[in-house]
C-alpha cells in the first residue's frame, strides 16, 4: 500500500514547495488505506465519501481539506503507486539492462496486487485506473525513448507518438492479463510485451 503523496489540490495554502506535516501525511495515508480496503470489499462506484471517512475515522471536513471527492482521492492513490513503481524501476534496473521498455516492475506489481486491480476494473473505477496508468506510463516511456535516440537523429515518428502507442498497448495487455486470471507469470508476459514493442521502437528512425 503506497504512502501518502502531496498534490496541488491537497496543499492547505496551495504551496507545494513546503514539506508535508506529519499529521497531514498520516491523515492522507489513512484515507488511502481506507479507500484501498473498501475497493477490495465492494464496487468502487458504490463507495461513498461517508464510507471512506467512516473507515478512516476522520471527519467530513478533514476529508475535503485534502481531497475534492473520492475520484480525487483515487487519482492521488494511483499517482502515488505510479511514482513508487517508477522509483523502484530506476533503483532495480541494472545499467546494462537492454530491455526496450522497463515494464517488468509494473507487471510484478500488478500480479502482487491483482485483487485490487481486478476490483477496480470490474467495479466502476476502470476508466480512471486505465487513464491514470496510461498517462504515467506514457510520460515514463517518452523520457526513456528520448534517452535512446541519438542527438540530432531524424525520426520517422516522434517519440511522443510512439510513447502513446506503447502505453496504450501496455494497458490493453494488462487488462487482458488480469481478465484471463494471469495465465502467464509476470516475467513471461513482460517478454511478450517487449517483443510486441520492438517494431515500434525500430519505427522511430
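Read-outs: derived from the displayed coordinates by stated rules, not from any lab. Computed from a prediction, not measured in an experiment: that's the story for all the values here. Note that we place each Cβ from the backbone using ideal geometry, even for glycine, and neighbour counts take in every protein chain shown.
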- Task: Evaluate the relative contact order of segment 95-202 (contact order divided by residue number), counting alpha-carbon pairs under 8 angstrom at least 6 apart; express in whole percent.
- Result: 43 percent
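Hey, can you rank 72-85, 178-191 by average C-beta count inside 10 Å, highest first?
Details: 72-85: 19.9, 178-191: 13.9.
The densest-packed peptide leads the list: 72-85, 178-191.
Given the convex hull of the Cα atoms of segment 35-85, what is a quarter of its surface area in nm²?
Dividing the Cα hull surface by four gives the mean projection, 3.6 nm².
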- Note on the structure: Per its Cα gyration tensor (rounded if a/c is under 1.5, else prolate when a/b beats b/c, else oblate), segment 95-202 is best filed as prolate
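If R₀ is 41 angstrom, what is the calculated FRET efficiency for the pair residue 45 and residue 188, using the beta carbon separation as r and rounding to 0.05?
Working from the Cβ atoms, E equals 0.80.
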- Message: Give me the one-decimal nm value for the distance between modelled label points at residue 148 and residue 57, 7 Å along each residue's Cα-to-Cβ direction.
- Response: 4.9 nm
- For 137, 36, ascending order of other Cβ atoms within 10 Å (fewest first) is 36, 137
